[in-house]
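Single-structure report; data block below.
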Protein chains: 4
Amino acid sequence: MAVPVVSFTPTPDQLCWTFGGADPVAEIEPGTILEVFTEDCFAGRVRRTTDLVSEVCEFPFLNPQTGPFAIKGAEPGDTLIVHFISIEPARDWAVSTTVPLFGALTSTHLTATLQPPLPEIVWIWELDRERRTCRFRASKGDTTIELPMDPMHGTVGVAPANLEVRSALVPDAHGGNMDTPEMRAGVTAYFGVNVEGAMFSLGDGHARQGEGESCGVAVECAMNTVVYVDLLKQTATPWPRLESDQFLMTTGSARPLEDAFRIAHKDMVEWVADLCELDIMDAYQLVSQAATSPLANVCDTNYTAVAKVDRTLVPLRHDPYASAHRRARAVAADHASSGSLD
Amino acid sequence: MAVPVVSFTPTPDQLCWTFGGADPVAEIEPGTILEVFTEDCFAGRVRRTTDLVSEVCEFPFLNPQTGPFAIKGAEPGDTLIVHFISIEPARDWAVSTTVPLFGALTSTHLTATLQPPLPEIVWIWELDRERRTCRFRASKGDTTIELPMDPMHGTVGVAPANLEVRSALVPDAHGGNMDTPEMRAGVTAYFGVNVEGAMFSLGDGHARQGEGESCGVAVECAMNTVVYVDLLKQTATPWPRLESDQFLMTTGSARPLEDAFRIAHKDMVEWVADLCELDIMDAYQLVSQAATSPLANVCDTNYTAVAKVDRTLVPLRHDPYASAHRRARAVAADHASSGSLD
Amino acid sequence: MAVPVVSFTPTPDQLCWTFGGADPVAEIEPGTILEVFTEDCFAGRVRRTTDLVSEVCEFPFLNPQTGPFAIKGAEPGDTLIVHFISIEPARDWAVSTTVPLFGALTSTHLTATLQPPLPEIVWIWELDRERRTCRFRASKGDTTIELPMDPMHGTVGVAPANLEVRSALVPDAHGGNMDTPEMRAGVTAYFGVNVEGAMFSLGDGHARQGEGESCGVAVECAMNTVVYVDLLKQTATPWPRLESDQFLMTTGSARPLEDAFRIAHKDMVEWVADLCELDIMDAYQLVSQAATSPLANVCDTNYTAVAKVDRTLVPLRHDPYASAHRRARAVAADHASSGSLD
Amino acid sequence: MAVPVVSFTPTPDQLCWTFGGADPVAEIEPGTILEVFTEDCFAGRVRRTTDLVSEVCEFPFLNPQTGPFAIKGAEPGDTLIVHFISIEPARDWAVSTTVPLFGALTSTHLTATLQPPLPEIVWIWELDRERRTCRFRASKGDTTIELPMDPMHGTVGVAPANLEVRSALVPDAHGGNMDTPEMRAGVTAYFGVNVEGAMFSLGDGHARQGEGESCGVAVECAMNTVVYVDLLKQTATPWPRLESDQFLMTTGSARPLEDAFRIAHKDMVEWVADLCELDIMDAYQLVSQAATSPLANVCDTNYTAVAKVDRTLVPLRHDPYASAHRRARAVAADHASSGSLD
């Protein structure tokens, strides 16, 4: 199986800050393996505890994307298939911070109050890529705590619809900054194509992240990531969906948070009705009892909710997206055995 | 260890429909095992697919509680400890339904639109208590699907503060209808005491429930439940918390859903700061990376969110609530070995 | 027209802190004029700028109600009619404050953040009852500003449905702490009756209040208030409505605020469809172009929105509530000319 | 006073569908009078009751803007000043509709439910430009109702910040589709400049609109509009503000609606603190008692709230924006007396 492989490491001036509106860094064929480097959300500018975001970063130059990649033949109405073969921290450290008036447990520019912001603090996390851990070091006192590494991409998506260009900090129907820990290696993500070429990009790697990302910032790190990118023609996907060997997942990004929940669960009900050949009300009942609801973020411009169904619980009558996930897994296995992976 | 055991099965006229405002059915000592029967949320009136809630049930006589039990010596400022030893379906069937203008994926009396309600449908689920499964039978077509049983109580709580009496359909700071699947056997729940005697009650058993309870109704069934009830004096608990061998959990019940999230996560940050002896900002950082956020319900009068931390990830400097959970587990083990459990 | 007049000034121990759950202070006939005194929301305890609410007041003893009054013959399914003949400040001063973690422009116990509360400040407003003004005196600097007096009751309602007892701080379908400046003299309010006797009470007088009540506290003062109370049998009113000579108004109390808006506007659409004999979609169109939407409060347990239609714009085919407002205005005119009013 | 006058009527292919991302149709000097034609929100395609939006319109080609106009010398950090000299319907009819899954009293793509949409109906309103009325004709029955004309622009704004391009259907910090009836002749609007040239455009004329725009569509019509456009250097305006002879107004656009309220009221508190030289807490108190809160829209991508203060109530120590409104009024008066206005 001769799958083309494209490698790309952006130079600083090639970093992309939006979904939509940017020229492609490359055009690739459907069915290509992309090996890319992604910078961290601070473009690598926060490297020690004295590097305050408010001092070393400059809006809107946050959350740099690697891409966009134009996919040949992609048109509105198609679905872009993105399978994560591997996501590996590119450095032995990662960073998290508080950012003034950003996060779930503070007032913000939108949830506006007259209170002063919380203190601005930077935490440098040590990554042990052998032992797959990330070490937290408290800013006060000498506590250190080791958490398992669970690498993921906070931001993945395509150019938005409606002629829009959105900041890479925004999650919406085009994907973007959804910040779900479910976007990990082994997962296939599906995005509806809105413009010619789809214009796929990704960034915002996290060594790990809690659900909801309550302080607004995960364990942020640069990543070496390998994805398999494919295309399914004439199949619409209104909101990003994910699939793993075990789970089907849908997403919604909106405010208030219950609207994000509604979008994700309505999409899951309709997807299950289709895959299991059930009446919509029967699917509603089944999903109500079978789904879990792991939140993604409750801090970004839109909040993101995930609906998740264990496929071993729900007997599918046919495979989603013409078995795209299964085929991508085979490509990934070949790629691994070919030795091109670290 | 001579733990007193009190058994109670309510007669129909002893069912309780509120938190607060009801005379206790019994007074118990702190450190008592309660063996109770709880009716299902429809008071057992929906037994076949032709029993529509809108026809056979009568507002506000829904979600009957077993209780309240007055706990001797409980006063405002104390914490009530409720450990679930076992939760066992009392029948070999359970029921779920849609209820007009109730649920997450429909307009409601509060999210009011001019659209007509969804169809009203009843599903009878067959419970296999040996194999620990519940069987879904589609209303259209002949699909049946078996899901694992995971029994829980949707409604557990104490009398509310502020002189209020709340319907048993409402979740709030007093607990009540939180509808979280985390309220299962093996878990200890903590409730702040608001009135003399605390006035503990429970009901609304579910053979299983998805997170968010999107259609508004779980797999509802009568339960035989055993709880160990204890009291910790002079320790406040603003919002219900849960503890299991593996997890610490906090809850928030509010609208919009992000406020429920904020309550739960702020409480978790403060709890972790206390238990791990961390500065509040360090606890904020740690919880942001370590917590999961399994939703409870997105359909009730208030929505309920849970923040959850794996205690193996977070080195506690002291046990929560003076080791109440550990002691309750010992009581439960004794009770099991004494043969009084089924 | 021999309208019975009942006068009532509560003693401190007769103050009522809830809707529902309290014994009536008196039973009155439908068609009675009530002359009552209402204490301010702080029960008169905040009298100078050094009287901080957090020090001189005690939860839940806030927002004392005068009442409840049982209305003879009132049953669930009826509508209680409350016409405000006059609302007059009982003192020559009023008070406003900030309350820690309460208000629209601060985090709160529900919109929970890790930020400290805003400063707690008390403002004493001077009332000139001749000139109908209230004078603001800045806490810093020597600015004073005179605003027009526009007296109103923040809290008016009946006992709630569903066996509940609600704090007098809560607005909901039973009325309660709606905090709308529209509740002024000359207005008739309609409340659905939920329990026998309806159990009407009122309090929380404001010399004036901005829409939204952003800091959470209005220009709070004790009031001498005259209302005409009547009953319309077998006519349901799901959410409180108001009527003046010029306007029809509906209310909704919920969170998030758009749900309060939806409740009020849906009710207005249905009311206009009925009164103008229009199809519901035509009424939707008409109300969309004709209504104004003056917010009531964005700080209480539920937020309250008002939908308002100028009746001179909308040709009614019949008078609302069997011309209850018109008849109440006649009673008020008689009462005024009989000299019993100041 | 030789104020330059620029007239512009877009050809169909000159219509602009976004804020940001479009080349200017003209560059103008600060201090220019613009005489423009704006198409209605359906680009004139809905002209009779059988022209359903879902059939005759095509996403994203809705809400066409006239513009953008580049303002010479405008840079980020400046404020664009837009004074509405006149807004006059360009036709003797206007149109309103329901649009499937759009509006406040229906589920939508974001507030997603499983219910079917409301019926799609078109209403043609007759405009009498002499008598300043618009006539509603019911779709069922023969009711007609005449409402006063109150022409306004639903959509006015500048290019957004953060490299974004937003659909003309979106209101946000750059202005856009705020849909407030306050945007009428005699009003001066202030917008923070985000990009070089500011890139001002406007459209979406309404012969009148209720507050909240509950059905999602106002009385839509093409307009002949005259605005005076000026620039204030080095003065930031985070969210759009409005000023009339009588009122100061601030706006916020966000979801949930309480966040829109918070943005508008926080901005008003800070503006009043500045203009009246008051401490921020004193301004909070004053605005809480003095402001009204007329909603703009509760149907668009973001909801828009307005905070409004009667300037005769609040003694300003200095004029806002260096008396820009007063100067614009003088320009408007000159322009009127020069005979170039109808």
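A few notes on this one:
- Screening the candidates C:ASP259, C:ASP230 for the property of being over 15 Å from the mean Cα position of the chain (by Cα) and closer than 16 Å to C:VAL82 by Cα yields one hit, C:ASP230.
- For region D:154-169, the set of residues classified as buried (at least 24 other Cβ atoms within 10 Å of the Cβ) and either aliphatic (A, V, I, L, M) or more than 17 Å from A:ALA22 (Cα to Cα) (or both) consists of D:GLY154, D:THR155, D:VAL156, D:GLY157, D:VAL158, D:ALA159, D:ALA168, listed by residue number.
- Unique residue being within 17 Å of the chain's Cα centre (by Cα) and without any contact (Cβ under 8 Å) to a residue 60 or more places away in the chain when the list is C:THR292, C:THR301, C:THR250: C:THR250
- Residues in region D:141-153 that are facing another protein chain (nearest Cβ under 8 Å) and either of a type in the set (Ser, Thr, Tyr) or closer than 15 Å to D:SER96 by Cα (or both): D:THR143, D:ILE145, D:LEU147.
- Selection count where residues are basic (Lys, Arg) and within 16 Å of C:ALA173 (Cβ to Cβ), scope region C:217-254: 1
- Here D:VAL306 meets the list (1) within 9 Å of chain C (Cβ to nearest Cβ); (2) in contact with a helix residue (DSSP H, G or I) (Cβ under 7 Å, 6 or more places away or on another chain); (3) within 30 Å of D:LEU110 (Cα to Cα) almost entirely, failing just condition (1).
- In the set A:GLY73, A:GLY44, A:GLY77, A:GLY31, only one residue is out of contact with any strand residue (DSSP E or B) (no Cβ under 9 Å at 6 or more places or on another chain) and either β-branched (Val, Ile, Thr) or under 27 Å from A:GLY157 (Cα atoms) (or both); that residue is A:GLY44.
- Residue selected from region B:170-182 under the condition under 20 Å from B:ASN224 (Cα atoms) and within 14 Å of chain C (Cβ to nearest Cβ), by the criterion surrounded by the most Cβ atoms within 10 Å (Cβ to Cβ): B:GLY176
- If you go through region C:10-27 and keep only what is hydroxyl-bearing (Ser, Thr, Tyr) and within 19 Å of the chain's Cα centre (by Cα), you end up with just C:THR18.
- Among the residues of region B:108-126, the ones that are more than 9 Å from chain C (Cβ to nearest Cβ), hydrophobic (A, V, I, L, M, F, W, C), in contact with a strand residue (DSSP E or B) (Cβ under 9 Å, 6 or more places away or on another chain) and in a loop (DSSP other than H, G, I, E, B) come to 1 in all.
- Among (1) more than 24 Å from D:SER96 (Cα to Cα); (2) assigned to a helix (DSSP H, G or I) - the single one C:HIS318 does not satisfy: (2)
- Restricting attention to region B:183-209, the residues that are in contact with a Leu (Cβ under 9 Å, 6 or more places away or on another chain) and farther than 24 Å from B:THR32 by Cα total 2.
- Filter result (out of contact with any Leu (no Cβ under 9 Å at 6 or more places or on another chain) and either closer than 21 Å to D:GLN234 by Cβ or within 11 Å of chain C (Cβ to nearest Cβ) (or both)) within region D:316-337: D:SER323, D:HIS325, D:ARG326, D:ARG327, D:ALA328
- D:PRO116 being surrounded by fewer than 21 Cβ atoms within 10 Å (Cβ to Cβ), touching a residue at least 24 places away in the same chain (Cβ under 8 Å) and of a type outside the set (Val, Ile, Thr): no
- Here the strands (runs of 3 or more DSSP E) wholly within region B:193-293 that include at least 1 residues being β-branched (Val, Ile, Thr), more than 7 Å from every other protein chain (Cβ to nearest Cβ) and buried (at least 24 other Cβ atoms within 10 Å of the Cβ) are B:223-232, B:247-254.
- Taking the listed residues A:THR301, A:THR312, the one that is part of a loop (DSSP other than H, G, I, E, B) and surrounded by 18 or more Cβ atoms within 10 Å (Cβ to Cβ) is A:THR301, with no other qualifying.
Throughout, read-outs are computed from the coordinates displayed, never taken from laboratory work. All values derive from a computational prediction rather than experimental measurement. Ideal geometry is used to build each Cβ from the backbone, glycine not excepted, and the neighbour counts take in all protein chains shown.
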